[in-house]
1. Let me check I've understood the local charge: for Ala330, count other residues with C-beta under 13 angstrom from its C-beta, Lys and Arg +1, Asp and Glu -1. What total comes out?
2. For all pairs of alpha-carbon atoms in segment 264-365, what percent lies in each bin of width 5 Å, listed from the first bin to the last filled one?
3. Net charge within 14 Å of Leu446 by Cβ-Cβ distance, Lys/Arg positive one each and Asp/Glu negative one each, not counting Leu446 itself?
4. Under the Karplus relation 6.51 cos²θ - 1.76 cosθ + 1.60, θ = phi - 60°, what is the ordered set of whole-Hz ³J(HN,Hα) values for segment 344-355, x standing for Gly and Pro?
5. Order of 150-156, 333-339 by packing, highest average Cβ count within 10 Å first?
6. Of the peptides 477-486, 434-443, how do they stack up when ordered by the mean number of other Cβ atoms within 10 Å, highest first?
7. With θ set to phi - 60°, apply the Karplus curve 6.51 cos²θ - 1.76 cosθ + 1.60 along segment 328-339 and write out the HN-Hα couplings as whole Hz, x wherever there is a Gly or Pro.
8. Would you mind pulling out the separation of the Cα centroids of segment 115-185 and segment 309-354, in Å?
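The values are calculated or read from the model by the stated rules, or taken from the named source; none is laboratory data. Keep in mind that this is a model prediction, so the values were computed, not measured. Cβ placement follows ideal geometry from the backbone for every residue including glycine, while neighbour counts extend to all protein chains displayed. Heavy atoms of the whole protein, side chains included, go into the accessibility calculation; ligands, DNA and RNA do not. Shrake-Rupley method; radii C 1.70, N 1.55, O 1.52, S 1.80 Å.
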Amino acid sequence: MTTRYNYDRADYPLLQAIRMRRGVLSWGLGLTAWALLLGSTLIAEEHDNRLHWVRTGLLTAALPIAALGRLAVEDSVKAGRVLLDYEDVTDAGRQQLLWHETTDEVQQTDAIDEAAPVEMVDAWEYFGQAAKDWRTHLAMLSPTDTGKSSFLYLLFGAMAKARPTVLQAIEGKGAKWAGVPPENICRIQFRPTIENAHQLCYRLHKVLNLIQARVDLGENQWEGPQLVTVLEEYLTLSTGLKKRKGAFEPYGLELEISVEAMAGVARGGGGQLVVISQSPNAEDLKFSGGVRQNFRIACLGSRFGGFDAIENMIGNFRFVNARHRDRIEAEYQASRKLLYSDRHPIVLTNLMGEWRCFPLPYLDEKALASLTIDSLPVPPELIEDDGWLPGIDEIGSSDPGPSQPAAISRPQPATTAIEPDDDEKLNLEAIEGIIFEVLAGASEPLKAHEIKAKRRPLRSVDKDLFAKILEGLTERGDLLRTDEENPGYSLPPNSILTERG
């Protein structure tokens, strides 16, 4: 609120100086004019032409009077501007301007009360509370060199000590994940292969199945550890798979479907999802409004890595309510003054419901290296390959694209095929068995569409997936291919099925 003041008081130094200068100029002008007039009169008494000397005196006085008058006008204009500016001065500005000297010390007059100090969060207490109470999903915006490792190890390390926890990570950076069993880590390449895409979607598919089984038991009826799945570079993976057309595109869509499904139901079965992105903008995650509400946010920043993620989030009305923005901004500025080094991170998060900004506990390289996450091994059902695809054949592809090598681990082909009903999903063993049975009864090589036409269940299999399976069987030596451009397939001469045919 703007406050207006009494401008006649003498404790405003600038106004006082201007008034003094203006008074001196006014008295100087008056004395100069009277001196010149009096001098010209005295001189004229000794001469006959008095009128001549009066005119001469007035002309002589005109030049200094004009110069002094200009200075007086400039001072008046300056004083007027200062008064107008001073009318709008705030309490904070006046606190810095209104000073006067009494005896030997400078004292402040009419100063407003000092602003209340910012109440900072105790980081150790915050992580301890989160380890006990945190049950939501988390989207983490962490550009390079902003303290992601510190945050994750502090959070997951405290969580694993507070309650039984299974942490599994899907990542391609080669992080150590100290304390996490090797079977819990699913390593994928920066540019995922078909095998990587299958591993990624298949692991999420299995986690959803386990969580769904818990949910089906009813609330508080299931037992078991908390399941935390960390998905590194979610934005890169989802967009990268969809942009690579052909056989990759369905996996990108399957990844988005799995993330949205876990966001909706996983909490009810003790599952939590942590997605990590290097983008400083939360909008880049492309979560819909319903999915976004199921995630808490953590934005990290440091002097070395920048504070873009935090500053963007403070200004994002979709996440941070305007009523709390001033408080959060004050916490952010106060946090920056408490940093120990260029790599000491700050976090802005609503992990516990309310938005707070505070520095992470300062950990040097030795302290950070000593942190571990005491995770339990993943349940066997999460890593066993039962041969079922996670719905990829039902998604389909808008662009067939080139055939991709089949790098997916599959069971060995069966000697006889079991044809399921039309509404039953085919697994890899069943698909391969039908292919062998069709080719065993063929007198000449058959093309892919001819093989599919021979058996009704194969017609529901996506053509990209079917081509990939044929390619894999050929590389494995179970099938022969007659032509690269327009391939036909047959069984090798020494095949047991060929001899039976």
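1. Result for the local shell: +1.
2. P(r) for segment 264-365, in whole percents per bin: 2, 12, 22, 23, 18, 13, 7, 3, 0.
3. On the way: positive: Lys447, Lys452, Lys454, Arg455, Arg481; negative: Glu437, Glu444, Glu450, Asp483.
So the environment of Leu446 carries a net charge of +1.
4. Running phi through 6.51 cos²θ - 1.76 cosθ + 1.60 with θ = phi - 60° gives 5, x, 10, 10, 10, 8, 10, 3, 9, x, 9, 5 Hz.
5. Details: 150-156: 22.9, 333-339: 15.0.
Going from most to least packed, we get 150-156, 333-339.
6. For the peptides 477-486, 434-443, the packing ranking is 434-443, 477-486.
7. Per residue, the Karplus-derived 3J(HN,Hα) values read 5, 4, 5, 5, 5, 5, 5, 5, 5, 6, 9, 6 Hz.
8. 18
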